[in-house]
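Step one of this worksheet: look at the structure below.
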Amino acid sequence: MSFSGTGKIWMNGKIVDWANATMHVASHVVHYGSGVFEGARCYKTPQGSAFFRLDAHMRRLYDSARIYRMEYHLDCDALTNAVVETVQANGLDACYIRPLMYRGYDTLGVNPLPCPVDVAIIVWPWGAYLGEEALEKGVDVCVSSWSRSAPNTFPAMAKSTANYANAGLIKMEAILDGYSEAIALSPEGYISEGSGQNLFLVRDETIYTPPASSSILPGITRDSVMTLAQDLGFQVKEQNLPREMLYIVDEAFFVGTAAEVTPIRSVDRIQVGPGRRGPVTTAIQQAFFDYINGVVPDRHNWLRPVEIPAVTTANV
Ligand SMILES: Cc1ncc(COP(=O)(O)O)c(C=O)c1O
């Protein structure tokens, strides 16, 4: 999907036209990946538009910034208000939300500290990340030859732009080898996650997912799915998982803000279970979509309603 090139972007407190949301090519982040970011969603529900767990995403943004010693002049609540303002300025009743905090323009030494901390908030309509069909039929994936980062190299818990150099290698290899996605292993050889999604496996109706120590980004969808699975009465085990589990499980699925809940139908050309969306995945997918679409009560307080004003295209 390429961008339409229209809409408004928030940049350091100002709402600017999409085309004017520019930064200097000598900005630190362009050269050294010195940025942290988030990916959240706003959904259209029968009661109106609502952010899904925006508070958790903004908290993770500030956690990532803290790990990278970045201090912005606005606090988490103020920047959350800026997200609301950006979505409203675009008049989108459902969208993907990308706040980005980065080291800007000052000097190009490796040391990021002299460079200012800048923020941009970009929003756009974004459908199913791995395709509408994938939500039903599932995706074919491989195990990547690239591992996730080792502890004490790049902090996996920080959602940093730098981490996505690794994710890009994982994704390109998968695509060029004819798969939709790949599953990367941790440096110790345990199952970690996809290039932009967490992973769940199901065997004998027990659900498994790798722990934070397997070099994963602790996803907000992962946390939500663990809660919803427990609500449905499933046992969820967070533990180190050997690669070969991928070939003997009954079901497997990816989760993430972009991918939502996407079944996996094969790994390394070995069919997962019967090779189609299984009953546990179906139940969890249903519970997740019912929740984000606001058709069940918001019992975990995950939805934050937002008034979306009508915006004429001339304004956007
Ligand atoms: C590497 C990686 N893992 C997991 C996830 C899922 O995280 P979340 O559910 O918070 O979107 C993402 C998406 O942001 C990701 O990029």
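For the range 239-280, a tally of residues being more than 24 Å from the chain's Cα centre (by Cα) and over 17 Å from Cys142 (Cα atoms) returns 2.
Could you please let me know if Glu188 is open to solvent by 20 Å² or more (accessible area, probe 1.4 Å), within 18 Å of Gly256 (Cα to Cα) and of a type in the set (Asp, Glu)? I'd like the intermediate steps shown before the answer.
Numbers: open to solvent by 20 Å² or more (accessible area, probe 1.4 Å): yes; within 18 Å of Gly256 (Cα to Cα): no; of a type in the set (Asp, Glu): yes.
Against the criterion (open to solvent by 20 Å² or more (accessible area, probe 1.4 Å), within 18 Å of Gly256 (Cα to Cα) and of a type in the set (Asp, Glu)), Glu188 does not qualify.
Please determine whether any residue of the range 175-198 is closer than 22 Å to Thr282 by Cα, without any contact (Cβ under 8 Å) to a residue 40 or more places away in the chain and within 12 Å of the ligand (Cβ to nearest atom). There is no residue in the range 175-198 that is closer than 22 Å to Thr282 by Cα, without any contact (Cβ under 8 Å) to a residue 40 or more places away in the chain and within 12 Å of the ligand (Cβ to nearest atom). Would you confirm whether or not the range 229-247 contains a residue that is among the β-branched types (Val, Ile, Thr) and either touching a Phe, Trp or Tyr at 6+ places or on another chain (Cβ under 6 Å) or open to solvent by 30 Å² or more (accessible area, probe 1.4 Å) (or both)? Looking through the range 229-247, none of the residues is among the β-branched types (Val, Ile, Thr) and either touching a Phe, Trp or Tyr at 6+ places or on another chain (Cβ under 6 Å) or open to solvent by 30 Å² or more (accessible area, probe 1.4 Å) (or both).
Looking only at the range 227-258, count how many residues are at pLDDT 95 or above and within 11 Å of the ligand (Cβ to nearest atom).
Keep residues of the range 227-258 that are at pLDDT 95 or above, which gives 227-257.
After this cut, where a residue has to be within 11 Å of the ligand (Cβ to nearest atom) as well, the list is 254-257.
Here the count works out to 4.
Of the residues Tyr68, Tyr32, Tyr62, Tyr43, only one is open to solvent by 30 Å² or more (accessible area, probe 1.4 Å) and touching a Ser or Thr at 6+ places or on another chain (Cβ under 8 Å); which? Spell out the reasoning first.
Numbers: Tyr32 fails: touching a Ser or Thr at 6+ places or on another chain (Cβ under 8 Å); Tyr62 fails: touching a Ser or Thr at 6+ places or on another chain (Cβ under 8 Å); Tyr43 fails: open to solvent by 30 Å² or more (accessible area, probe 1.4 Å).
Checking each option against the conditions leaves just Tyr68.
Consider the range 4-29 and keep the residues that are at pLDDT below 95 and surrounded by fewer than 12 Cβ atoms within 10 Å (Cβ to Cβ). The one that is nearest to Leu113 (Cα to Cα) is Gly5.
If I ask for residues that are farther than 23 Å from Ile284 by Cα, surrounded by fewer than 20 Cβ atoms within 10 Å (Cβ to Cβ) and touching a helix residue (DSSP H, G or I) at 6+ places or on another chain (Cβ under 9 Å), which ones from the range 123-141 would you list?
Residues of the range 123-141 farther than 23 Å from Ile284 by Cα: 123-125.
Among the residues that remain, those that are also surrounded by fewer than 20 Cβ atoms within 10 Å (Cβ to Cβ) are: 124-125.
Within the range 123-141, just Trp124 meets the criteria.
If you take just the strands (runs of 3 or more DSSP E) that sit entirely in the range 5-75, which of them hold at least 2 residues that are under 29 Å from Val311 (Cα atoms), aromatic (Phe, Trp, Tyr) and within 14 Å of the ligand (Cβ to nearest atom)? Answer list for the range 5-75: 48-52. In the set (1) without any contact (Cβ under 8 Å) to a residue 12 or more places away in the chain; (2) open to solvent by less than 80 Å² (accessible area, probe 1.4 Å); (3) not aliphatic (A, V, I, L, M), Gly91 fails one condition alone, (1). No other residue among Leu201, Leu100, Leu169 is within 16 Å of the ligand (Cβ to nearest atom), out of contact with any helix residue (DSSP H, G or I) (no Cβ under 8 Å at 6 or more places or on another chain) and part of a strand (DSSP E or B) apart from Leu100.
Exactly one residue among Tyr208, Tyr179, Tyr164 is of a type in the set (Phe, Trp, Tyr) and in a helix (DSSP H, G or I), and that residue is Tyr164.
The values are calculated or read from the model by the stated rules, or taken from the named source; none is laboratory data. Not measured: the values here are computed from a predicted model. Every residue, glycine among them, receives a Cβ derived from its backbone with ideal geometry; neighbour counts consider all protein chains shown. The area values use the complete protein model at the heavy-atom level, side chains included, leaving out ligands, DNA and RNA. Shrake-Rupley method; radii C 1.70, N 1.55, O 1.52, S 1.80 Å.
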